[in-house]
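S.K.: Pasting a structure below so you can have a look.
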Amino acid sequence: MLELGKLLTALIAPPLNTFVLLIIAAILYRAHFKKLAKFIALISFSWLYVMSAPFTGLLLTDNDDTSALTLDEYKQAQAIVILGGGSYPTKELYAETASGAPQLERLRYAAFLQKETGLPILTTGYSLIGISEGDLMAKELNQFFNVPTQWIENKARNTEENASFTKTILVKDHIQKIILVTNQWHMKRAKYLFEKQGFNVLPAAAASYSSKGNLSAKSFVPDLGALNSNMVLLKEWIGYWKAHYVE
C-alpha cells in the first residue's frame, strides 16, 4: 500500500505524468490518431502549467483549517510529539547527517514549546541514510536547543506508522493528549491519523502562514519553486483522501 501511494502520487504530479502523456501522444500521432494525440499533449502541458503556477498553491494550501492555540491551551497536554521531516548527509563539522529544512522548522518550534510548557518530548521517524530521524532530532534538540527528549521512536516510515508506533510507546505512560508538531502543509493529514489512533491532538504547525494570499500577475507565471511546493501540497491531499476513503 505504501508503494502504491507513492506510485499514484508520481503518476498524478509532474514531471512523470507529463513525460508519460507525451509518449502516449507521440504513439497516437504516429498511428494517425492526430487529433487525439494533440488533445492529450494539450492536457499534458496544461497540467504542467497548473502545477507550476503559484495560484495553485493558494488553492491547495486551504487544506489547513486548524486554528491557532495559546500557550495556556498547550500546557494542558501531556507530551510533545515531533514528526520527522527529512535529513541529508553533510560535510559540516558537527555531524555526518543533519536535519533538512522542514525537520529543523519542527525542532525549532518544538524546542520553544517545550521550554514554555515543560512537557516531555517524543521524536518519531525512520531514515534510509545513516541515523534515524527520531534519533537525529533528539540529538539536535540537545545539541542546538539544550532540550531533552523523553522517548525516541525510530522505525516509522510514514505518517500512519508515526501515529501507530507513537501510540505503542505513549500508552504505557497513559498519555492521550499531545501537542503534535509538524509543518503546516502536513498537519491536516497528520492530525487525522493521530486522532484515528485515539489521541487528543493539539496541533502546533511549524512554518505556519496564512493560506489566503492575494492574487497578482505573478501568481499565474510558472515557477520552479511553485512546482515543488505544489507537488508537496498535492501529495498531502492524496494522502489525506487515501487515509479517509481507501484505508
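S.K.: Roughly speaking, what is the stretch gain from Thr70 to Glu116, that is 0.36 nm per residue apart minus the C-alpha to C-alpha distance, in nm to one decimal?
M.R.: This chain segment gains 15.4 nm when fully extended.
S.K.: For the stretch 91-207, give the percent of accessible area contributed by carbon and sulfur heavy atoms, probe 1.4 Å, rounded to a whole number.
M.R.: 51 percent
S.K.: Taking 30 Å as R0, compute the FRET efficiency from the Cβ-Cβ separation of Asn146 and Gln78 and round it to 0.05.
M.R.: Here the calculated transfer efficiency is 0.85.
S.K.: Here is the link list: Lys196/Lys235; Lys167/Lys191; Lys91/Lys235. Which ones come out longer than 22 Å on Cα distance?
M.R.: Pairs exceeding 22 Å: Lys91/Lys235.
S.K.: Pairing the Cα long axis of helix 2-12 with the longest principal axis of the chain, what angle in degrees results, from 0 to 90 and rounded to the nearest 10?
M.R.: So the helix axis and the longest Cα principal axis differ by about 40 degrees.
S.K.: Further question: Only four residue types carry charge here, +1 at the Cβ of Lys and Arg and -1 at the Cβ of Asp and Glu. Report the dipole size of the chain about the Cα centre in Debye, rounded to the nearest 20.
M.R.: 840 debye
S.K.: At most 13 other Cβ atoms within 10 Å and a DSSP loop assignment: could you name the trypsin sites (Lys or Arg not before Pro) in the stretch 169-240 that fit?
M.R.: Lys212
S.K.: Hey, another quick one. Any idea what angle helix 159-170 forms with the longest principal axis of the chain, computed on alpha-carbon atoms, 0 to 90 degrees, nearest 10?
M.R.: 10 degrees
S.K.: How high is the relative contact order of the chain, in percent, counting Cα pairs under 8 Å that sit 6 or more residues apart?
M.R.: Relative contact order of the chain: 24 percent.
S.K.: Indicate, rounded to the nearest 5 percent, the antiparallel portion of the DSSP beta bridges found entirely in the stretch 81-233.
M.R.: 15 percent
S.K.: What does the charge dipole of the stretch 147-225 about its Cα centre add up to, to the nearest 20 debye, if the Cβ of each Lys and Arg holds +1 and the Cβ of each Asp and Glu holds -1?
M.R.: About 140 debye.
S.K.: Now a separate question. Quick check for you: with a 1.4 Å probe and neighbouring chains kept, what is the accessible area per residue of the chain, in Å²?
M.R.: Solvent-accessible surface per residue comes out at 55 Å².
S.K.: Can I ask one more? Tell me which trypsin sites (Lys or Arg not before Pro) from the stretch 51-132 have a DSSP coil assignment and no more than 14 other beta carbons within 10 Å of their own.
M.R.: Passing both the DSSP loop test and the Cβ count: Lys75, Lys91.
S.K.: Using only Cα atoms and rounding to the nearest 10 degrees, what angle (0 to 90) does helix 133-145 make with the longest principal axis of the chain?
M.R.: 60 degrees
S.K.: Also: If we count chymotrypsin sites (Phe, Trp or Tyr not before Pro) as exposed when they sit in a DSSP loop and have at most 14 other beta carbons within 10 Å, what is the longest stretch of the chain that avoids them all?
M.R.: Between the exposed loop sites, the longest stretch runs 95-208.
S.K.: Something else now. Which net charge results for the neighbourhood of Gln78, defined as the other residues with beta-carbon distances under 11 angstrom from its beta-carbon, given Lys and Arg at +1 and Asp and Glu at -1?
M.R.: Its environment carries a net charge of +1.
S.K.: For the pairs Lys75/Lys139; Lys75/Lys115; Lys75/Lys177, note any where the Cα-Cα span goes beyond 19 Å.
M.R.: Lys75/Lys139
S.K.: I would also like to ask the following. If we count every other residue with Cβ under 9 angstrom of Gly134's Cβ, Lys/Arg +1 and Asp/Glu -1, where does the sum land?
M.R.: -2
The values are calculated or read from the model by the stated rules, or taken from the named source; none is laboratory data. The structure presented is a predicted model; accordingly, all values stated were derived computationally and were not measured. Glycine also receives a Cβ, built like all others from the backbone with ideal geometry; neighbour counts cover every protein chain displayed. Note: accessible area is taken over every heavy atom of the protein model, side chains too, but ligands, DNA and RNA are not part of it. Shrake-Rupley method; radii C 1.70, N 1.55, O 1.52, S 1.80 Å.
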